[in-house]
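Comments concern the structure below.
The values are calculated or read from the model by the stated rules, or taken from the named source; none is laboratory data. Fair warning: this is a prediction, and the values are worked out from it, not measured in the lab. So basically every Cβ, Gly included, is an ideal-geometry build from the backbone, and we count neighbours across all protein chains shown. Quick note on the areas: whole protein, heavy atoms, side chains included, nothing else; ligands and nucleic acids left out. Shrake-Rupley method; radii C 1.70, N 1.55, O 1.52, S 1.80 Å.
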Amino acid sequence: MSTIEDLKTAVINGRRKDVQTLVPELLESGIEPAALLSQALIPAMGVVGERFKKNEVFVPEMLVSARAMKEAMNILEPKLLEAGIRPEHTAVIGTVEGDLHDIGKNLVATMWKGAGFDVIDLGVNVSPARFIEAIEEHKPHIVGLSALLTTTMPAMRDTVAAIREAGHSAVKLLIGGAPITQSYADEIGADGYSRDAASAVDAAKAALGI
Amino acid sequence: MKYKTLAIADPAKLIYGRAPRPIKTRRGMCIGGGLIYPELNFTLPDINIRKEAMPEIVRHYQQIVTEALERAAELEAPGVMLEFETLPPMTEHPALGMEVVNILLEGIEDAHDKYGLKAALRCTPNDNREFVRPPLMRSGRYWDAMLELFDQSAAAGAEFLSIESVGGKELHDDALVNGDLRAVLFSLCVMGVRDMKFIWDHIVAITAKHGVHAAGDTACGFGNTAMVLAERKMIPRVFAAVVRAVTAVRSLVAYECGAVGPGKDCGYENPVLKAITGCPMSMEGKTAACAHLSPMGNLAAATADLWSNESVQNIKLLGGMAPTCYMEQLVYDCRLMNTAAAEGEASALQMRDWLVKSDAGRDPQAMILTPESSITIAHAIVQAPSHYAAGIAAARAAVKILRETNEAGCLRIDAREAGWLDRMDDELDDMPHTEDAFIEEMMDEVDLEKFTPADYGL
Ligand code: B12
């Protein structure tokens, strides 16, 4: 009989085919969808994230695991919804106006998804108004802003200010990108910063106090 | 494929400061004619670029050009290239870009009047076509504005036009983070090659109209993205090295359309292009650490005709403003290399070989860009019947070089990367024989929301 541990291993090793058979099998054996998520998928991505942090695996290998998790989620999501279970945390992420760099932002989004967050990715060149619209629509707990150009750092500052001015004082604002520092985060009133995708999950959890 | 043979087939002739097809500037620099010259590149500190900020922006560029050229003259630089790589709003609104172009041209004139300094301007507009998603590659306001800035800057006196074009990048970032060589080949050699042909026919027409030089493109958004990701341990270095070899096929198209160089600094693939075309090349290495890290800070200089710092913000360092400090570093590097060359061919080669040897064994990408490897890859490219076949041939040649130098103990490859050589060989073995067959296969696999096939004639 297959176990939750088998599913976790399959995700860690990025074996999508195995995931496709294991998930229905485990559900049939009576295990709750929420348990598969919290005891297999999220811990698996945690292991992969740790390995990546320690330079034991490369991004392509990490993404194979992420895709395996997505495979599982395709089956689990409708069931979770049916049971009225929503992800505990929602995040909106985007690259600020005038900036098209998105490789780093995409990796952060992947890591957040791996941690079980519901992630809404607004893409690149996102205006303050678009961020605010998304906050009003999705009511996220976290908003991630990315900027890679020194010349779009002011757009990041403007976006943070606009979000606060629009009255969204509870949402946690996390920022990142090559020219960004903790002191810049402090200066513009962001709630957190992380220098890479691997620690973006920790930064998000710290900002949320979880 | 236009080039069927190599302009430089002997590795001993692939050397800094000398190119079979040198270029003279109006003020009398001869690029590739025996001397290596500095090429300074600079950018703004954090400023929101809009109309109201223009007075401050103007002050920055005035300060950069005045102080950096003054220092170059004090250090007796034999000549200087300035590169104005615009920031996106300056191409989007050519009037903003032209304001800066004119300041730089005035600064160049002033420095000539005051110190007799020979300087020239390379103007590099942004390829902003990807500001709309999926990008509009062959029309629209971004395309029009880019051509306008090319045209106006050449009319005003910029002697060299370059770009870091982005055609094919829609699929390439994903190809990189997934370590997918097949998708890399599709992005660079199917999409990229087609877009390069389109854009460079336009640029060459503009340079012909104004009697200036079409100076070449770079696969920066492809090869350097891979290199930076590898430096950050996100993708394997051997993979980034093979991607670099393939980028040469894409960048070559500019020269096939009539570009004459000097190729743009961030094209680390330039040694391969110099071997094929004989055109002079700009390179960047250790003096570009202000912009990004690289694993071949010395080696990059070995075959360069211009030596660049890629980009530095106009901020204050202890020695002075950063562009002035970088000008000084570039001038000293060039002075040393020119001094070696002045002592004769043997000294120049000795200098070159030290530059090469100090990096080559430590990094796969450095190893595939040594003069010998560059020529091997160049050979593979010119012998191929099509760009598609050339991409596969370049990749194969690169994998072979990595495998052989590693086995011979000349190159260190990280243990967890070793399997990637087999993985890449397998992918290359599975490539369809014809480009048409490849396109047919890929059209079923790729995300058609990311690009518009018709914009690539697909
Ligand atoms: C790849 C790249 C590109 C690619 C982008 C591809 C893409 N889809 O993103 C292309 C070629 C398109 C590009 C274009 C340009 N680029 Co660029 N680019 C880079 C490069 C080499 C690497 C960036 C990268 O992907 N790094 C890898 C990722 C994984 O790292 P990262 O982005 O830093 O993200 C990590 C962290 O920062 C953090 N993070 C990031 N975002 C967030 C968000 C949150 C919420 C959190 C918590 C964390 C976080 O986690 C990420 C994962 O670990 C940098 C060099 C550098 N030193 O960064 C230049 C660089 C950023 N680019 C630069 C420039 C100038 C440009 C152009 C203007 C060039 C031109 N003249 O056309 C255009 C601008 C286009 C635009 N409007 O944005 C300059 C910026 C200089 C300046 N003044 O600021 C740099 C520094 C290069 C240089 N030195 O000249 N570029």
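Among all the lysines, which ones have a C-alpha under 16 Å from residue B:13's C-alpha, if same-chain residues fewer than 8 places away are not counted?
Result set, ordered by chain and number: B:274.
Please give the peptides A:77-89, B:423-435 ranked by average Cβ packing (other Cβ atoms within 10 Å per residue), highest first, as a rough proxy for protection.
Numbers: A:77-89: 12.8, B:423-435: 15.2.
Highest to lowest by the protection proxy: B:423-435, A:77-89.
Using a 1.4 Å probe on protein heavy atoms only, how many Å² of accessible area do B and A hide from each other, summed over both chains and rounded to 100? Before the final figure, lay out the partial values.
Working: alone 17140 and 10420 Å², together 25400 Å².
Between B and A, the summed buried area is about 2200 Å².
Would you list which aspartates and glutamates come within 13 Å of residue B:197, measuring only between C-alpha atoms, while excluding same-chain residues fewer than 8 positions from it?
Residue B:197 reaches B:217, B:256, B:455.
Sorted from largest down, what three extents in whole angstroms do the Cα atoms of region A:4-82 have along their principal axes?
Principal extents (Cα only, largest first): 38, 21, 20 Å.
If we restrict to alpha carbons, what Rg and Dmax does region B:356-445 come to, in Å?
14.7, 45
Averaged across A:103-113, how many Cβ atoms of other chains sit within 10 Å of each residue's Cβ atom?
Working: counts 8, 3, 0, 3, 3, 0, 0, 1, 0, 0, 0.
Going residue by residue through A:103-113 and averaging, the value is 2.
Between the alpha-carbon centers of region B:100-173 and region A:86-131, tell me the distance in whole angstrom.
31 Å
Test of understanding: express the Cα radius of gyration of the protein assembly as shown as a ratio to 2.2 N^0.38 Å, with N the residue count. Show your work: numbers first, answer last.
Values: Rg = 25.5 Å, N = 668, 2.2 N^0.38 = 26.1 Å.
Compactness ratio reported: 0.98.
Under the definition of partner shielding as Cβ atoms of other protein chains within 10 Å of a residue Cβ, what is the mean value for peptide B:226-232?
Numbers: counts 0, 0, 2, 5, 1, 0, 4.
Across B:226-232, the average partner-chain Cβ count within 10 Å equals 2.
In whole angstrom, note down how far apart the Cα centers of region B:406-458 and region B:313-336 are.
40 Å
Mind checking region B:335-382 for GluC sites (Glu not before Pro) that DSSP puts in a loop (not H, G, I, E or B) and that have at most 13 other Cβ atoms within 10 Å? Don't skip to the end; give the middle numbers.
On the way: sites: B:343, B:345, B:372; in loops: B:343.
Qualifying residues, ordered by number: B:343.
Can you compute 3J(HN,Hα) from phi for each residue in region B:76-88, using the Karplus curve 6.51 cos²θ - 1.76 cosθ + 1.60 with θ = phi - 60°, rounded to whole Hz and x for Gly and Pro?
6, 4, x, x, 9, 9, 9, 10, 9, 8, 6, 9, x
Find the Cα radius of gyration of chain A, compare it with 2.2 N^0.38 Å by division, and give the number to two decimals. Mind showing how you got there, number by number?
On the way: Rg = 17.8 Å, N = 210, 2.2 N^0.38 = 16.8 Å.
Ratio of Cα Rg to 2.2 N^0.38 Å: 1.06.
How crowded by other chains is A:50-63, given as the mean number of beta carbons from other chains within 10 Å of each beta carbon? Numbers along the way, then the final one.
Working: counts 0, 0, 2, 0, 0, 5, 1, 2, 12, 10, 11, 5, 2, 4.
The mean count of partner-chain Cβ atoms within 10 Å per residue comes to 4.
Is region B:117-178 rounded, prolate or oblate when judged by the Cα gyration tensor, a ≥ b ≥ c being the square roots of its eigenvalues, rounded requiring a/c under 1.5 and prolate requiring a/b larger than b/c? Show your work: numbers first, answer last.
Details: a/c = 4.73, a/b = 1.75, b/c = 2.69.
Verdict is oblate for region B:117-178.
Mind checking the per residue accessible area of region B:251-313 for me, 1.4 Å probe, whole number of Å²?
13 Å²
Work out the P(r) tail for region B:11-456: percent of alpha carbon pairs separated by more than 29 Å, whole number. Before the final figure, lay out the partial values.
Numbers: 43075 of 99235 pairs.
Here the long-distance tail beyond 29 Å is 43 percent of all Cα pairs in region B:11-456.
Share of Cα-Cα pairs in region B:118-251 beyond 25 Å, in percent? If you can, show how the numbers build up before the last one.
Details: 2740 of 8911 pairs.
Percent of Cα pairs beyond 25 Å in region B:118-251: 31.
What does the accessible area per residue of chain A come to in Å², with a 1.4 Å probe and no ligands, DNA or RNA counted?
Accessible area per residue: 44 Å².
Picking from B:314, B:272, B:347, whose Cα lies most toward the positive end of the charge dipole for region B:256-395 (charges on Cβ: Lys, Arg +1; Asp, Glu -1)?
My answer, from the dipole projection, is B:314.
Need one number: convex hull volume per residue for region A:90-208, Cα atoms only, in Å³. Don't skip to the end; give the middle numbers.
On the way: hull volume 9.6 nm³, N = 119.
Looking at region A:90-208, the number lands at 80 Å³ per residue.
Please go through the residue pairs B:51/B:169; A:79/B:233; B:2/B:209 and name each one whose alpha carbons sit more than 27 Å apart in this structure.
Details: B:51/B:169 30 Å; A:79/B:233 38 Å; B:2/B:209 23 Å.
Where the Cα-Cα span goes over 27 Å, the pairs concerned are B:51/B:169; A:79/B:233.
If one takes the longest principal axis of the Cα atoms in chain A, at what angle in degrees, from 0 to 90 and to the nearest 10, does the Cα axis of helix A:128-138 lie?
Once rounded, the angle reads 40 degrees.
What FRET efficiency comes out for residue A:32 versus residue A:118 if R0 is 25 angstrom and r is the Cβ-Cβ distance? Round to the nearest 0.05. Write out the running numbers ahead of the final one.
Values: r = 19 Å, r/R0 = 0.75.
In this case the efficiency is close to 0.85.
Starting from 0 in steps of 5 Å, tell me what percent of the Cα-Cα pairs of region B:183-286 lands in each bin.
2, 14, 23, 23, 19, 10, 5, 2, 1, 0
Which three numbers, in whole Å and largest first, are the semi-axes of the equivalent ellipsoid of region B:276-323 derived from its Cα gyration tensor as √(5λ)?
Numbers: eigenvalues 120, 28, 13 Å².
Largest first, region B:276-323 gives 24, 12, 8 Å.
Straight distance only, please: which lysines reach the Cα of residue A:139 with their own Cα at less than 22 Å, same-chain residues fewer than 8 apart left out?
A:105, A:113, A:172, A:205
Which helices, taking whole DSSP H runs in chain B, have alpha carbons extending 20 angstrom or more along the helix axis plus mean Kyte-Doolittle at least 0.5? Intermediate results must be reported in sequence, preceding the final value.
Details: long enough: B:54-74 (30 Å, -0.40); B:94-115 (31 Å, 0.11); B:141-156 (22 Å, -0.13); B:193-210 (26 Å, 0.16); B:237-256 (29 Å, 1.05); B:322-342 (30 Å, 0.18); B:345-360 (22 Å, -0.36); B:387-407 (30 Å, 0.03).
Helices passing the filter in chain B: B:237-256.
Compute the distance from the alpha-carbon center of region A:29-63 to that of region A:147-163, in whole Å.
So the separation of the two Cα centres works out to 33 Å.
Taking a temperature of 25 °C and a viscosity of 0.890 mPa s, what whole-number D in µm²/s does Stokes-Einstein yield for region B:251-350 with Rh from Kirkwood over alpha carbon pairs? Display every interim value, and only then the final one.
On the way: Rh = 14.5 Å.
It diffuses with D of about 169 µm²/s by this estimate.
At a 1.4 Å probe radius, carbon and sulfur cover how many percent of the accessible area of chain B?
Numbers: 8250 of 16100 Å².
For chain B, the apolar C and S fraction of the accessible surface comes to 51 percent.
Threshold 30 Å², probe 1.4 Å: give the residues of region B:48-63, in number order, that are less accessible with all protein chains present than with their chain alone.
B:48
Roughly to the nearest percent, how much of the accessible area of region A:90-208 is carbon and sulfur, given a 1.4 Å probe?
Numbers: 2140 of 4410 Å².
Carbon and sulfur atoms account for 49 percent of the accessible area of region A:90-208.
Region B:165-200: which residues show an accessible-area loss of 30 Å² or more, assembly versus chain alone, 1.4 Å probe?
B:173, B:177, B:178
What is the helix-to-structure angle for A:16-28, meaning the angle in degrees between its Cα long axis and the longest Cα principal axis of chain A, kept from 0 to 90 and rounded to the nearest 10?
It is inclined by approximately 70 degrees.
Accessible area per residue of region B:1-152 at 1.4 Å probe, in Å²?
On the way: 6190 Å² over 152 residues.
Using a 1.4 Å probe on heavy atoms only, each residue of region B:1-152 averages 41 Å².
At a threshold of 8 angstrom on Cα-Cα distance, excluding pairs fewer than six apart, so keeping six or more, what relative contact order does region A:90-208 reach in percent? Walk me through the numbers on the way to the answer.
Working: 225 pairs, mean separation 34.2, N = 119.
The normalised contact order for region A:90-208 reaches 29 percent.
Under 4.7 Å Cβ to Cβ, no partner at all: give me those cysteines from chain B, in residue order.
B:30, B:123, B:189, B:257, B:279, B:290, B:325, B:334, B:410, each lacking another Cys Cβ under 4.7 Å.
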